[in-house]
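One structure is given below, encoded as structure tokens.
The values are calculated or read from the model by the stated rules, or taken from the named source; none is laboratory data. Not measured: the values here are computed from a predicted model. Methodologically, a virtual Cβ is constructed for each residue, glycine included, from the backbone with ideal geometry; neighbour enumeration extends over all protein chains shown. SASA here: full protein model, heavy atoms, side chains in, ligands and nucleic acids out. Shrake-Rupley method; radii C 1.70, N 1.55, O 1.52, S 1.80 Å.
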Amino acid sequence: MLTKRLIICLDVRNRKVTKGVKFKGNIDIGDPVEMGAKYSAEGVDELVFYDITASAENRQCDVEMVKDIAKNVFIPFSVGGGVRNLEDMRQVLLAGAEKVSINSLAVLNPKIIEEGAKAFGSQCIVLGMDAKFTGISEKIPSGYEVVIRGGREPMGLDAVEWAKKAVSLGIGEICLNSIDTDGVKNGYELEITEKIAQAAAVPVIASGGAGEPKHIAELFEKTHAEAALVASMVHFGTYSVAQIKAEMRKAGIAVR
């Protein structure tokens, strides 16, 4: 049985980890390097760091922060936000990240997926996708629309169709974040997660909505997602990594 991964997401703004609800009302909660090192020591499988204002501010990701993380974190981690071109990807990977996540850039310039996969290998290129339910229509047959620039700009692009196209271009993994459930802590958006997991021939990470371990069990029972991403439930001390993994094992989920 393939093991499922538990991933912690750290949204970073001005060198501080921050958390909001549905991409709004963010509060600062700690230092990304210190928090990443703590979660690494506690046994989480992977970490994701998002520079959440870099794209909107049209600036490069904080590469010096990535270097500091790499010195203190001894598990795989990916970095997204402020990755504007192939050279930015190169700098993030050279700074110590195992993977680079592209979101707005990929939508606006899909060719970057091909270029990144060719230069660094598909396994290093993650598609970050922010999706919002806007209703089923001819243009959005799944009902879920891709939104870019940190949830600020709807694109009139169907989430499932975009996932399939990204895979055809060479993306190695998809991290799907539901804006509707982000930070709400009532469970993942299972419908769009399963639609994309079925359509995409690459691993899918589900993000947005985990509030307690049963939500993670539900995700793996009802979808083909390969990893669960959490944030609020650990950032605010509600659960530890060990508690979450123990509950996953109780639910019969194979974990590392």
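Values computed for the structure shown
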{"read-out": "Ile136 paired with Glu64, simple spin-label distance in nm, labels 7 Å along Cα-to-beta-carbon", "value": "5.2"}
{"read-out": "Net charge dipole size for segment 1-71 [Lys, Arg +1 and Asp, Glu -1 on Cβ; Debye, nearest 20]", "value": "240"}
{"read-out": "Inter-probe distance in nm under a simple model that places probes 7 Å from Cα toward Cβ, at Gln123 and Thr3", "value": "1.6"}
{"read-out": "R0 of 30 Å, Cβ-Cβ distance Lys16-Leu86: FRET efficiency to nearest 0.05", "value": "0.55"}
{"read-out": "Relative contact order (%) - segment 1-137, alpha-carbon pairs under 8 angstrom, separation at least six", "value": "18"}
{"read-out": "Share of carbon and sulfur in the accessible heavy-atom surface of the chain [1.4 Å probe, %]", "value": "50"}
{"read-out": "Cα gyration tensor shape of segment 165-242, rounded if a/c is under 1.5, else prolate or oblate by comparing a/b with b/c", "value": "prolate"}
{"read-out": "Rounded, prolate or oblate (a/c below 1.5 giving rounded, otherwise prolate when a/b exceeds b/c) for segment 6-125 by Cα gyration tensor", "value": "oblate"}
{"read-out": "Selection from Ala56, Gly170, Gly209 lying farthest towards where the dipole of the chain points positive, charges on Cβ", "value": "Gly209"}
{"read-out": "For the chain: relative contact order, % (alpha-carbon pairs under 8 angstrom, 6 or more apart)", "value": "18"}
{"read-out": "Solvent-accessible surface (1.4 angstrom probe) belonging to Cys61, in square angstrom, nearest 10", "value": "10"}
{"read-out": "Test item: Cα-centred dipole of segment 151-209, Lys/Arg +1 and Asp/Glu -1 on Cβ, debye", "value": "120"}
{"read-out": "Probe 1.4 Å, accessible area per residue of the chain, Å²", "value": "42"}
{"read-out": "Order by protection proxy (mean Cβ within 10 Å, highest first), peptides 30-36, 155-161, 135-141", "value": "30-36, 155-161, 135-141"}
{"read-out": "Dipole moment magnitude, nearest 20 debye, the chain about Cα centre, only Lys, Arg, Asp, Glu C-beta charged", "value": "200"}
{"read-out": "The chain: C-alpha gyration tensor shape, a/c 1.5 cut-off, then a/b vs b/c", "value": "rounded"}
{"read-out": "With DNA, RNA and ligands ignored, accessible area of Ser40 (1.4 Å probe; Å², nearest 10)", "value": "20"}
{"read-out": "Accessible area (Å², 1.4 Å probe, nearest 10) - Leu229", "value": "10"}
{"read-out": "Label-to-label distance, nm, for residues given as Ala254 and Ile29 (7 Å Cα→Cβ offset)", "value": "3.1"}
